[in-house]
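Just so it is clear, none of the values below were taken in a lab; they were calculated from the coordinates. Since we're looking at a predicted model, the values are computed, not measured. Reconstructed Cβ throughout: ideal geometry from the backbone, glycine too, with neighbour counts over all protein chains shown.
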Number of protein chains: 2
Amino acid sequence: MSFRFEIEARDGKARAGRMFTPHGEVETPVFMPVGTVGTVKGVPQDVLEELGVQILLNNTYHLYLRPGVETIRRLGGVQRFMAWDRPILTDSGGFQVFSLSDLRKVTEEGVAFRSHLDGASHFFSPESAIAAQIGLGADIIMAFDECTEHPAEYARTQDSMEMTLRWAARSKKYFAEHRNEVPWFAGGLKSAKNLYRRQNGRAKAVPLQSEGRSKSGEVEHVHPEGQRQALFGIVQGGMFADLRRESAQRTVELDFPGYAIGGLSVGEPRPMTYEMVDAAIRFLPEDKPRYLMGVGTPEEIVHYAAQGVDMMDCVLPTRAARHGLLFTSQGRITIKNARYATDEGPLDPNCGCKVCARYSRAYLRHLYASKELLAQALNTAHNLAYYLDTMRRVRDAICAGQFGDSLSVSKICPGE
Amino acid sequence: MSFRFEIEARDGKARAGRMFTPHGEVETPVFMPVGTVGTVKGVPQDVLEELGVQILLNNTYHLYLRPGVETIRRLGGVQRFMAWDRPILTDSGGFQVFSLSDLRKVTEEGVAFRSHLDGASHFFSPESAIAAQIGLGADIIMAFDECTEHPAEYARTQDSMEMTLRWAARSKKYFAEHRNEVPWFAGGLKSAKNLYRRQNGRAKAVPLQSEGRSKSGEVEHVHPEGQRQALFGIVQGGMFADLRRESAQRTVELDFPGYAIGGLSVGEPRPMTYEMVDAAIRFLPEDKPRYLMGVGTPEEIVHYAAQGVDMMDCVLPTRAARHGLLFTSQGRITIKNARYATDEGPLDPNCGCKVCARYSRAYLRHLYASKELLAQALNTAHNLAYYLDTMRRVRDAICAGQFGDSLSVSKICPGE
């Protein structure tokens, strides 16, 4: 088995589990920081390790455009490319195509779009999106879906959901036929040069070698032959509970090792998000990981864990940090506020992160007001620490059987 | 004694020494990274410690404008403000007033200038520049000088040099009368609140307390009562060897614990810089540290160490890093070059820094091409490692008696 999910404890609808992937284990529920182009903006990989990040998300759309899938494939996959030896998940590119690119045109075949970088024309189909994700070599990859716009009429949402289901089947079929092309088998560029050969005019990795060595020699990770990526399906269905249910049921019929709920947090009111998650999650199998894409605030990630969600990702902690909005156990702090100019206290007296252990609010305020690079790095490290600590407390509470109705969100996440 | 300098070894004109300052020892010759507004752009303080940075330079002009001297004084001085427990040197602000500010007007009294940030009017005199540096509380501070523009006629250069000498005497006098006002005596903000009192309408620190505790409790540093900043004089004299000699001799007559050579690297050809350094340094006392301001390339810092310079600072390694120019044992690398797009080798195979140990040129090239924040942080950390390693090799060679004519610059600094 290349991918396995085990549930270790339950508390109400919440579960504490463990995912086994080719690049290591992940304790769930887990928050996945977003490393869009192969970097969590401003934070070096050793700091991510110290923070206890277990799995990162990379955006296929961005890496496909720059540096390109073939570059990363030749370098041994995205883990080796970014010198990150722990698990990575790539999204399908679907959401970014819809939110970032210009002049997109959606057909049954796929999506024609123009790069937000240079306007060049590109095309993503279920097949090419999966091919890209195989080339990048993340541990968990996502079926290509259409993220239905919000608001959308019922008929339009239903059509979109149906196409996402057909695309999911095509994604699965392509993956089954090409999953051996993952670049981990090659031992870096030098070996890759020998192992790659042109087949039918396309570069293809030949899985002869069962061992990978990092170029620095510091980290050795072995991927026994037969280790495979896991392809997750994605539930769509817009803001209609019956479509969410139908999408969940029919995606499950396609049989994936994990299921995501997509197309939420796209501008709808929060109670509607809660309702849609509830409508879908009850039809997802108990023994497979459930991934809610693109959420949320600290309060929300606690809420969704309580609903039985196992995986979440969001740009909020990192993006907010870069704009000086910091999450603390005492509430949110806008660090540019003049009141912090002579505040020698730590950002969050209840936080054990390196930023709170060393620097004062006065210094962080000065860095932000002075538009210094270090502000972005320190703010981001702290916000990630806050999210990861929150999720660790959630998991500990589930394992201790104390995450039921008796434990309020405000105890796990006191700042909200 | 608050400041002491000991020479441990000599090799030709080069010396290996040790400076003792209130915040610790510094092995010389030393390269001081520039942390303009209280941060080496993009590099956290723990990384600077890991790199072996022994002393930082902060710019008085920048800190005076933002966050302001009184803010830093109330927070216990710039070391505590930036959570850096090792020595710091501040420049006098003279160079920045001349190079950055608008509408400056120089008189015998001082320099009226407008802030480059908001155009507000300010005035630096020898007295106010020293007052600012006492408030910031660096271990080593600099006399207020006029950095003579280049090119300049002989008479103009002589007049400027004479004024710098008068300003040096005024700087020394003000420092002698106010050196007890350094903020180290107060134990952080809470103590400072009690210790500060309004005297004649100006905040003044009262040195009652001999011990300082860091707010995090992690680092304890004690500054016994009587520990004092060291005020260095600055040699000017433009590009005229006889004026450099006269400036050196008459600055030495004023008697400072250390001497800087200023007003060089302002656009003149390099052989002229070498000549001016030589003209001045032979008249500086053997038993005092010599600081050449604002230099240089890796090759140049080796050259100046060979001429008997003990301290140097330069924005080159940090600024070049932010523009993708990297110093390596194999020569300079422009990391954005497409040839590095699939280069899985380390930036510098002979470098032991964390960046070279972990990341590939391909990844660093991708970060730079994608304008990612992490590019700045990693590039800067590497360039600083290269400079600091170069200076360590110089010092080791001096101590081993192998830094004479027998050891060429190219062995110390093979990439140049």
Does the protein assembly as shown come out rounded, prolate or oblate by the C-alpha gyration tensor, with a ≥ b ≥ c the root eigenvalues, rounded set by a/c under 1.5 and, if not, prolate when a/b is larger than b/c and oblate if not?
prolate
Starting from the Cα of B:Asp255, step 7 Å along the direction of its Cβ; do the same at A:Ala357; then give the gap between the two resulting points in nm.
4.8 nm
Which distances in nm, rounded to one decimal and ordered from shortest, link the label point of B:Gly401 to the equivalent label points in the other identical copies, with labels set 7 Å from Cα toward Cβ?
7.7
State to the nearest 20 debye the size of the charge dipole of segment B:261-308 about its Cα centre, where the only charges are +1 on K and R beta carbons and -1 on D and E beta carbons.
100 debye
For A:Ser2, residues with placed amide H under 5 Å, excluding near neighbours:
A:Arg228
Mind checking the dipole of the protein assembly as shown: about its Cα centre, +1 per Lys or Arg Cβ, -1 per Asp or Glu Cβ, Debye to the nearest 20?
380 debye
What residues have an amide H closer than 5 Å to that of A:Thr28, excluding those fewer than 5 places away on the same chain, when H is modeled at 1.01 Å from N in the peptide plane?
A:Gly17, A:Arg18, A:Met19
Rounded to whole Hz, the Karplus (6.51, -1.76, 1.60) HN-Hα couplings of segment B:70-84, x for glycine and proline
5, 4, 5, 4, 5, 8, x, x, 5, 4, 5, 4, 9, 6, 10
Treating the point 7 Å from Cα along Cα-beta-carbon as the label, what are the nm separations from B:Arg270 to the other copies, to one decimal?
6.1
Quick shape check on segment B:229-290: root eigenvalues a ≥ b ≥ c of the Cα gyration tensor, a/c under 1.5 is rounded, otherwise prolate if a/b tops b/c, else oblate, and it reads prolate
Once phi is turned into ³J(HN,Hα) by the Karplus curve 6.51 cos²θ - 1.76 cosθ + 1.60 with θ = phi - 60°, what whole-Hz value does each residue of segment B:26-31 show in order, with x for glycine and proline?
9, 7, 10, x, 10, 9
Förster radius 51 Å - calculated FRET efficiency between A:Gln402 and A:Tyr154 (Cβ-Cβ, nearest 0.05)
0.75
Placing +1 on the Cβ of each Lys and Arg and -1 on the Cβ of each Asp and Glu in segment B:228-285, which of B:Tyr274, B:Leu243, B:Pro285 has its Cα farthest towards the positive end of the resulting dipole?
B:Pro285
at B:Asp242 the sorted inter-copy label distances (label 7 Å from Cα on Cβ side), in nanometres, are 10.2
Give, as a single signed number, the net charge of other residues whose beta carbon lies under 9 Å from the beta carbon of B:Gln54, with Lys and Arg counted +1 and Asp and Glu -1.
-1
So what is the 222 nm mean residue ellipticity for chain B from helices alone, if each DSSP H run of at least 4 adds -39500 (n - 2.57) and you divide by all residues, rounding to the nearest 500 deg cm²/dmol?
-11500 deg cm²/dmol
Just want the ordering: A:Leu117, B:Leu316, A:Leu57, from fewest to most Cβ atoms lying within 10 Å of their own Cβ.
A:Leu117, B:Leu316, A:Leu57
Inter-label distance for A:Ala176 and B:Glu8, nm, one decimal - labels placed 7 Å from Cα along Cα-to-Cβ:
7.0 nm
For the protein assembly as shown, the charge dipole (Cβ of Lys, Arg +1; Cβ of Asp, Glu -1; about the Cα centre) points to a positive end, and the Cα of B:Gly263, A:Ile134, A:Ala400 closest to that extreme belongs to B:Gly263
What is the packing order of peptides B:267-276, B:9-18, taking the mean over residues of other C-beta atoms within 10 Å and listing the highest first?
B:9-18, B:267-276
Give me the net charge for the shell around B:Ile7: Cβ to Cβ below 13 angstrom, other residues only, Lys and Arg +1, Asp and Glu -1.
+1
Once you have a ≥ b ≥ c as the square roots of the Cα gyration tensor eigenvalues for segment B:48-107, tell me rounded if a/c is under 1.5, and otherwise prolate or oblate according to whether a/b is larger than b/c.
oblate
Leading residue at positive end of dipole, chain B (Cβ point charges), from B:Leu388, B:Pro44, B:Pro317
B:Pro44
Using a basic spin-label model with each label point 7 Å from the Cα along Cα→Cβ, how many nm lie between B:Arg332 and A:Ser115?
2.9 nm
Mean separation of Cα pairs under 8 Å and 6+ residues apart, divided by the residue count of segment B:1-68: what relative contact order is that in percent?
24 percent
Quick query: amide H of A:Leu231 versus all other amide H atoms, modeled in the peptide plane; which residues come in under 5 Å with a sequence gap of 5 or more or a different chain?
A:Ile141
Using each residue's phi in segment B:39-44, evaluate 6.51 cos²θ - 1.76 cosθ + 1.60 at θ = phi - 60° and report the 3J(HN,Hα) Karplus result to the nearest Hz, with x for Gly and Pro.
7, 6, 3, x, 10, x
Under 10 Å, Cβ to Cβ, from B:Arg86 - net charge with Lys/Arg +1 and Asp/Glu -1:
-4
Per the 1/(1 + (r/R0)^6) rule, R0 = 30 Å and r from the Cβ atoms of A:Thr107 and A:Glu286, FRET efficiency to 0.05 is 0.25
For chain A, give the magnitude of the charge dipole about the Cα centre (Cβ charges: +1 Lys/Arg, -1 Asp/Glu; no others), in debye to the nearest 20.
1160 debye
Hey, what did chain B get for relative contact order, percent, Cα under 8 Å, at least 6 apart?
18 percent
